[in-house]
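Here is the structure we will look at.
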Amino acid sequence: QVQLVESGGGLVQAGGSLRLSCAASGFTFSINALAWYRQAQGKQRELVATINSASTTYYANSVKGRFTIARDNAKKTVYLQMNSLKPEDTAVYYCTIRLSGSAYWGQGTQVTVSS
């Protein structure tokens, strides 16, 4: 079955960096687009970045120029490199994929940015 497992979250000071990873299994990784979302406490889940099979990327305005999404098809893993982190980036970050009309989500990884 489809599995997405995020890792790499943690506590970091403002201005610092983290790299999140999402290891995928249960589907043909290389031909599918994936995305990172985040959800801060008390707020709605929001799109952070996407990457398609051609490695074309999209970023939310709030992270553009600071975050980079990338994929390694051999490792079936998608990454989110987060630089110049701000306290407002604090959230649970989720990896997701849509297959045949259904959305699959990982369990999430907590990112906390202290000021």
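The criterion of at least 1 residues that are of a type in the set (A, V, I, L, M), open to solvent by less than 80 Å² (accessible area, probe 1.4 Å) and closer than 14 Å to GLN110 by Cα is met, among strands (runs of 3 or more DSSP E) falling completely within the range 1-89, by 3-7, 10-13, 18-25, 77-82.
A single member of SER55, SER25, SER17 is on the phi > 0 side of the Ramachandran plot and out of contact with any Gly (no Cβ under 7 Å at 6 or more places or on another chain), and it is SER55. Just one of the numbered conditions (1) surrounded by 15 or more Cβ atoms within 10 Å (Cβ to Cβ); (2) aliphatic (A, V, I, L, M); (3) under 16 Å from GLN1 (Cα atoms); (4) free of Cβ contacts under 8 Å to residues at least 24 places away in the same chain is not true of ILE97: (4).
VAL111 fulfils the conditions (1) on the phi > 0 side of the Ramachandran plot; (2) assigned to a strand (DSSP E or B) except for a single criterion, (1).
The values are calculated or read from the model by the stated rules, or taken from the named source; none is laboratory data. Since this is a predicted model, take the numbers as computed values, not measurements. All Cβ positions, even for glycine, are placed from backbone atoms using ideal geometry, and neighbour counts span all protein chains on display. SASA here: full protein model, heavy atoms, side chains in, ligands and nucleic acids out. Shrake-Rupley method; radii C 1.70, N 1.55, O 1.52, S 1.80 Å.
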